[in-house]
Amino acid sequence: MKILVTGGAGFIGSHTVVELYKAGYESIILDNFSNSEKAVLDGLTTIIGQSVKYYEADINDAAAWDKVFTEQQIDGIIHFAANKAVGESVKEPLKYYRNNVAATVLMLEKMQEHGVSNLVFSSSCTVYGQPDALPVTEKSSVKPANSPYGNTKQICEEIISDTVATEKGLKAISLRYFNPIGAHESALIGELPIGVPANLVPFITQTVAGLRGQLSVFGDDYPTSDGTAVRDYIHVVDLAKAHVSALALLLEQKDKNTYYDFFNIGTGKGSTVLEVIQAFESSTGLKVDYAIKPRREGDVTAVYADCTKSNEVLGWKAEKTLAEALADAWRWQVAVSKR
Ligand code: UD1
């Protein structure tokens, strides 16, 4: 079975290509390499022992979709390709509405035109904002987005759900990711932030590698156990496996004309920023140079997942620990620094 992986050269996409291969699927990557490097393809070839077919094209390019769908018999799409920098989305909202929303509309139109019916969509726990109660279940309410990035995830979920409701054959699942971290155990693929990382774990590894100055811990006055904000950090390989489970569930619905559902994909465990730093230090034996700084605008206090629904319906569960994820992230950083 052929699965089109948009953004397949990216952080989560590349790890998903590996897990798809292990589960017996063939991946076709569609990526414009705007936020990834071609070297990812070499890493994938080494890990899976064969090259992965790819199309270098933009998801806003209607002709590119036609070319892929004409040349390949695609059974399903996992749609990762999107912009994801919260701060940038505030400054350049139209870039986010174009690449995240408009391109998703185009993809759905092209799926209908070419009769492609299965879709797994990359969503985010950002749709819950600061939840009223923790852990967050899929029944928790969606809160008004506090960035254009977050808004694009909410809008895309609605667009997909509305399209499924037309009963024209589209079946879809949205996966609401918590905080993906870590890297493949081979250290051949991982996260490659361009410029100064906005996310915590790449900033930690780059600081320890000497590529960045001190890590700023944004706020120690939150109402949490140590005053720093709480997130649910999930190993990217566990997250990648959730996509394979979602795809399998979609394919099981083949006799149905319509199917849409959404799932939390996290570990169920919240960790504070200081706990992440401590876990990094104890799993690598290295010190993280950090200082407490004011809160970062737009950050929520705490969010972590209840994953009962994904455990029961998807038959998926996160297996790797925070310590393993941080050790893998560090091994990847060391490998990247040697290049
Ligand atoms: C947010 C979104 C997530 C989105 C991601 C994209 C939420 C809950 N999550 O993740 O959906 O996919 O952005 O980038 O809105 N921190 C520091 N110092 C740093 C960097 C981060 O202290 O240098 C802290 C943050 O304040 C936060 C935690 O570390 O408390 C995690 O931050 P980050 O890795 O940026 O992820 P989120 O903001 O949770």
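Every number in this text was worked out from the coordinates using simple rules, so none of it is lab data. Everything quoted here is computed from the prediction, not taken from an experiment. Ideal geometry is used to build each Cβ from the backbone, glycine not excepted, and the neighbour counts take in all protein chains shown.
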Worksheet, complete the sentence: Condition set part of a helix (DSSP H, G or I) and within 13 Å of the ligand (Cβ to nearest atom), scope the stretch 224-252, selection nearest to R339 (Cα to Cα): answer is V236
Item to complete: Go through (1) in a helix (DSSP H, G or I); (2) over 21 Å from the mean Cα position of the chain (by Cα) one by one and return the number of the condition R296 breaks.
Response: (1)
Item to complete: Select, from T70, T46, T6, the only residue that is under 20 Å from the mean Cα position of the chain (by Cα) and more than 21 Å from I181 (Cβ to Cβ).
Response: T6
Discussion item. I want to confirm something. Restricting to the stretch 110-140 and keeping residues that are hydrophobic (A, V, I, L, M, F, W, C) and within 20 Å of the chain's Cα centre (by Cα), which single residue is surrounded by the fewest Cβ atoms within 10 Å (Cβ to Cβ)?
Written reply: V127
Worksheet item: If you go through the stretch 149-164 one residue at a time, do you hit one that is surrounded by fewer than 20 Cβ atoms within 10 Å (Cβ to Cβ), out of contact with any Leu (no Cβ under 8 Å at 6 or more places or on another chain), of a type outside the set (D, E) and part of a loop (DSSP other than H, G, I, E, B)?
Response: no
Worksheet, complete the sentence: Among residues of the stretch 172-193 being more than 18 Å from A279 (Cβ to Cβ), touching an Asp or Glu at 6+ places or on another chain (Cβ under 7 Å) and hydrophobic (A, V, I, L, M, F, W, C), the residue farthest from the ligand (Cβ to nearest atom) is I173
Response to the item:
Condition set over 18 Å from F280 (Cβ atoms) and not aliphatic (A, V, I, L, M), scope the stretch 194-223, selection nearest to the ligand (Cβ to nearest atom): answer is G219
Discussion item. Return the residues of the stretch 1-35 that are in contact with a helix residue (DSSP H, G or I) (Cβ under 8 Å, 6 or more places away or on another chain), surrounded by fewer than 23 Cβ atoms within 10 Å (Cβ to Cβ) and of a type in the set (G, A, S); say none if nothing qualifies.
Written reply: A23
Worksheet item: When both residues are 6+ apart or on different chains and their Cβ atoms are under 9 Å apart, which pairs have a first residue that lies in the stretch 66-88 and is closer than 16 Å to L175 by Cα, and a second that is within 16 Å of the ligand (Cβ to nearest atom) and of a type in the set (D, E, K, R)?
Response: A82/K153
Worksheet item: Got a number for residues in the stretch 255-311 being within 11 Å of the ligand (Cβ to nearest atom) and at positive phi?
Response: 1
Worksheet entry | Matching residues in the stretch 43-72 - criterion: being part of a helix (DSSP H, G or I) and among the hydroxyl-bearing types (S, T, Y) | T45, T46, T70
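Every residue, every condition in (1) within 19 Å of the chain's Cα centre (by Cα); (2) surrounded by fewer than 15 Cβ atoms within 10 Å (Cβ to Cβ); (3) among the hydroxyl-bearing types (S, T, Y), yes or no:
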site	(1), (2), (3)
G268	yes, no, no
T284	no, no, yes
T301	no, no, yes
Y304	yes, no, yes
L314	yes, no, no
A327	no, no, no
K338	no, yes, no
